[in-house]
Amino acid sequence: MQALMTEVLGGDAVEAVDAEENEENEQEAFINLNEAIKKELIEGYMKDTTFKQIYEILKHNLKVPKDIHNHINHFEIGKDNLLYFKASANDDSRVCVPKIPSIRTKFLHQCHDLPCAGHFGVEKTFELLSRTVYWPKLKNTVKKYVKTCDTCQRMKSSTSHKNGLFNPLEVPVGRWTHVTMDFVTGIPRTDQGFDAIMIVVDRLSKRAHFLPCTKDFSSADTARLYLDQIFRLHGIPKHITSDKDIKFMASFWQTLHKGLGTELLFTTTNHPAADGQSERTYV
Ligand SMILES: [Zn+2]
């Protein structure tokens, strides 16, 4: 299989990925959350002293007290009425989550211990969470959460058996927020019945996973493969660019989210960019 993949991937597939790179416009960064959690967040701001002050000043255009003059420049209220934080001009906006344990736990849960998230350590959980979410001392909260996670404790005490189930695969350093997912078909069927390869590439690090599949793979099959092989290592990406059509990808996201097995915080609305190039890009 390895030889076969190398052969198939030698030419066209790699070029296709490169071409994609130039073609896609970066989309406005904002975060899609489901309506229920949005409502909780907005109500929650009023119960969080820090965010309440900032929210009200921005919302009603109030005079900014001197002591938060610099600080407040990092915040803005989005069209969705959520409060957003930006560490610096080039960073993505992150949604502010008020200091209400039930709400913060939902986000921690989503990035640490969803059924297929595999209980990431502090660094990975923090990295996933901090792509989209902000609150003061976020990392401390993550540390506490991971430290007190039952499953993690049990796993820790069992990792003295070196050859257990939890031997980590190599985790690439890249961030895996923007990935491409393309398919190479028309290759000879293998003994195992595979006749296509799904290639998932992290656009930042250019690292790739090559996953054997079949050309008849449905969106649901694809989502399951993604969950099994990509999500458990890298979490959920912000954008997937694919050679599949919009219908396929919409259904792919649906299955992906169903497979995550919890109430889903993030939705998957498509935001086409103005030039129409990114009709293949999904948030
Ligand atoms: Zn855990």
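Each reported figure results from applying straightforward, stated rules to the coordinates on display, with no laboratory input. From a predicted model like this one, the values you see are computed outputs, not experimental measurements. We place every Cβ from the backbone using ideal geometry, glycine too, and count neighbours over all the protein chains shown.
Cα atoms only: what Rg and Dmax, in Å, come out for region 60-108?
12.7, 34
What whole number of Å gives the distance from the Cα centroid of region 85-147 to the Cα centroid of region 222-260?
Comparing the Cα centres of region 222-260 and region 85-147, I get a distance of 21 Å.
Please compute the net charge surrounding residue 77, taking Lys and Arg as +1 and Asp and Glu as -1 over other residues with Cβ under 12 Å from its Cβ.
-1
Given the convex hull of the Cα atoms of region 202-254, what is a quarter of its surface area in nm²?
3.9 nm²
Give the Rg (one decimal place) followed by the Dmax (whole number) of region 35-158, computed from C-alpha coordinates and expressed in Å.
15.9, 56
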